[in-house]
Amino acid sequence: MAIQERLVKLSPEVAEALSSGNPVVALESTIISHGMPYPKNLETAKEVEAIVRENGAVPATIAILDGVACVVNDLDLVKVKRFATLFVVLALVETGIERGLSMGELERLATLGTKAQKTARRDIAHVVATRGNGATTVSATMFFASMVGIHVFVTGGIGGVHRHSEETMDISSDLTELGRTPVAVISAGVKSILDIPRTLEYLETQGVCVATYKTNEFPAFFTERSGCKVQLQCIPTNVLGLHHSTTFPNVMSDDKNSTPCYGPLKFAVAFNLIYKQWFKCFYKDVNLKVKLGTGILIAVPIPKEHSASGGLIESAIQSALREARDKNITGNAETPFLLAKVNELTGGASLASSILSLTKTAKKAKQMSGTFILCKQ
Ligand code: PSU
Ligand code: MN
């Protein structure tokens, strides 16, 4: 068996979709294990997979199990529910039944519970080498998605530059991963538990193309506005395959005080450009190989009517941050702590917004991955 096959296991459906060029959408697992409480995590995971399917793409949930990165789908979560609270591992148990893992393996997996490790890029080697179980964050999910040829990945909120980063230097490896791995991450932006302006600055430093959907303002996850402008805007269209020269955005400014923004790009065209960023670029009939190798962040704002109240969220964030500092919660424990605390303090409002954002972004994913396929032809 090739080394790569021993490291990464694809479900037959994912493998088939990838080899025949059908759209596949990656999903992460930390959001389920550490980002949402049970049983909402199960329900949401199920819903997101279903939405990806309804829109004609194959969902591929990524996690490390027994040191093997699994890219799997078709989770029968109703059966899974009775085992334990950790969706990721149990989802894999269920998939294992389908894929023929032994009963002994299944039993062992079912008892793991919340012992799966939050796994970012730096943790991959350790989890794999110790044959551990890892719930992959955005960075590790991107790494494996790219390795197996998945170009589009849907999630809720990505990690970013933390508030007080000037003291802690806490910057999520999601941002550096976007700077080095060619995967388009579709999310509802960055939660305001983080420093959004600095996150965007850092993405620029990393050379990451950041685009927003039907707006030129970067969304703050819980709300559709962050006050930060983004240069590249996508608008929906069914017209595919337009030429680069007819659509390259004109620089324009819609706000005297903001930095210049590009005009709206036809949605499909934006992805055509993105594809070219990674693979090739046609300019004046010359085929230039660009291969930038960087990732892309596409932010789809939560619908206005569903956004949580900015004031409510901000005061919850302030007290969650204070508590994290008092309890000296740092490193990779900080994000899960803040997410749980903010949800508790907002009486579940933040979680409701999270789920809505995730399901909404999932709906966009097929459009995007489908466009990649068209671009390849
Ligand atoms: N932000 C969210 N929800 C999440 C996460 C971040 O709004 O679930 C998770 C994602 O898996 C993300 C990770 O990749 O946290 C970032 O963690 P850190 O800040 O430790 O890099
Ligand atoms: Mn960190």
task: List every residue whose amide H lies under 5 Å from the amide H of K191, counting only residues 5 or more places away in sequence or on a different chain, with H placed 1.01 Å from N in the peptide plane.
output: I158
message: Explain nothing, just compute: Karplus ³J(HN,Hα) = 6.51 cos²θ - 1.76 cosθ + 1.60, θ = phi - 60°, for every residue of segment 124-135 in order, whole Hz, x for Gly and Pro.
response: 4, 4, 5, 5, 5, 5, 8, 6, x, 10, x, 8
task: Can you grab the distance from the C-alpha centre of segment 139-202 to the C-alpha centre of segment 310-331, Å, no decimals?
output: 20
Long-range amide H partners of I298 with built H, under 5 Å: V185, I186, S187, A211
- line: What one gets for segment 125-171 as the Kirkwood radius, inverse of mean 1/r over different Cα pairs in Å, is 12.9
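Quick note: the coordinates plus some simple rules give every number you see, no bench work behind them. All figures in this text were calculated on a predicted structure; none of them were measured in a lab.
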